[in-house]
Amino acid sequence: MKKNLLLNSLFILSGYFAMCQHQLVKKWETDTLLKIPESVRYDSRNQILYTANIDGQPNEKDGRGSIGKVGLDGKIISAAWVQGLNAPKGMALYKKNLYVADVDEVVVINTKDGSITKRYPVPASVFLNDLTIDRKGVIYVSDSRTKKVHRIRKGNVTTHLENLQGPNGLLIHENKLYVLDNGGLYKVEDDKKLTKITDGMEGGTDGIENISGNDFIVSCWGGVIYYVKADGTKEKLLDTREQKINSADIGYDPKTRMVYVPTFLKNNVVAYELK
């Protein structure tokens, strides 16, 4: 009897550890000089982090928003490297330019000197939240309030998806568009139909990064981060809701497996190594 109980316990424990095989190990955090950082983008070319700082209400065109620069050691290089934005959120890099979703337009910033080189207004948009860019330079940007995803190709704006529930995080992976919508992760097929990968992620699904294969890491604004496997199963890696620490639109360095988490109202960025 004792032997059977021991074997059963070992079996249960082995199953538990198999399910929880990933973890986030905190490495550093910045000073609290960033003004409501909503998004972090890792730049492998320049070995730098960019932060999108709202510094005001997330839907107001008040000119208070900025882009900050943070070193990979957690030291803030410039809390407001690019100024005069409104409420910048999701960012993407393409050909030495930083693209930023800023309320009702996509702003293009030269990463060399911080100058704003282009603006792409998105008609009838009210809350542009995240964006991603495919290998041909086509931009996809979500509007969480109008529940749409727009497509910008050579300056022409069209509606790519509509009648969603509250889209936010976007990612191009292996030439496919992935979208976070109201707690779920979906792959957008060529006919624009959505294939569900997983759902039930509480706290406002926000940022998405590919880890390897078809495994992803997903952040939820409320303070939860998940590891989502290719088969749709998920592990909760972080939950800072009790501490009232948000985890908004994350950045990721695939070489070091470092996850960069903007804490929104706590005004800093925290780096975790994904184990």
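With the structure loaded, tell me whether residue 142 is crowded, with 16+ Cβ neighbours inside 10 Å, touching a residue at least 12 places away in the same chain (Cβ under 8 Å) and outside any strand (DSSP E or B) or whether it fails that test. So residue 142 does not fit the description; no.
Considering only residues in the range 145-162 that are over 28 Å from residue 221 (Cα atoms) and assigned to a loop (DSSP other than H, G, I, E, B), the one that is most open to solvent (accessible area, probe 1.4 Å) turns out to be 154. Scanning the range 171-209 for residues that are modelled with pLDDT under 95 and basic (Lys, Arg) yields a total of 0. So, in the range 210-259, of the ones that are among the hydrophobic types (A, V, I, L, M, F, W, C) and assigned to a loop (DSSP other than H, G, I, E, B), which residue ends up nearest to the chain's Cα centre (by Cα)? Filtering the range 210-259 for residues that are among the hydrophobic types (A, V, I, L, M, F, W, C) and assigned to a loop (DSSP other than H, G, I, E, B), the one nearest to the chain's Cα centre (by Cα) comes out as 250. When the residues of the range 245-256 are filtered to those that are surrounded by 12 or more Cβ atoms within 10 Å (Cβ to Cβ) and among the charged types (D, E, K, R), which remaining residue is farthest from residue 220 (Cα to Cα)? Here the answer is 253. What do you reckon, is residue 172 outside any loop (DSSP other than H, G, I, E, B), of a type outside the set (Gly, Ala, Ser), within 25 Å of residue 22 (Cα to Cα) and touching a residue at least 40 places away in the same chain (Cβ under 8 Å)? So residue 172 fits the description; yes. For the range 127-134, the criterion of being assigned to a loop (DSSP other than H, G, I, E, B), out of contact with any strand residue (DSSP E or B) (no Cβ under 6 Å at 6 or more places or on another chain) and either open to solvent by less than 60 Å² (accessible area, probe 1.4 Å) or not hydroxyl-bearing (Ser, Thr, Tyr) (or both) is met by none of the residues.
Residues in the range 175-196 that are within 15 Å of residue 210 (Cα to Cα) and free of Cβ contacts under 8 Å to residues at least 12 places away in the same chain: 2 in all.
For the range 93-126, the set of residues classified as open to solvent by less than 10 Å² (accessible area, probe 1.4 Å), assigned to a strand (DSSP E or B), more than 21 Å from residue 219 (Cα to Cα) and free of Cβ contacts under 8 Å to residues at least 40 places away in the same chain consists of 107, 108, listed by residue number. If the condition is being under 17 Å from residue 265 (Cβ atoms) and surrounded by fewer than 21 Cβ atoms within 10 Å (Cβ to Cβ), then the range 205-237 contributes 221, 222. Of all the numbered requirements in (1) of a type outside the set (A, V, I, L, M); (2) touching a Lys or Arg at 6+ places or on another chain (Cβ under 9 Å); (3) touching a residue at least 12 places away in the same chain (Cβ under 8 Å), residue 63 misses one, and that requirement is (2).
The values are calculated or read from the model by the stated rules, or taken from the named source; none is laboratory data. The structure presented is a predicted model; accordingly, all values stated were derived computationally and were not measured. Don't worry about glycine lacking a Cβ; one is built from the backbone with ideal geometry, like all the others, and counts go over all protein chains shown. Just the protein is used for accessible areas: all its heavy atoms, side chains included, with ligands, DNA and RNA removed. Shrake-Rupley method; radii C 1.70, N 1.55, O 1.52, S 1.80 Å.
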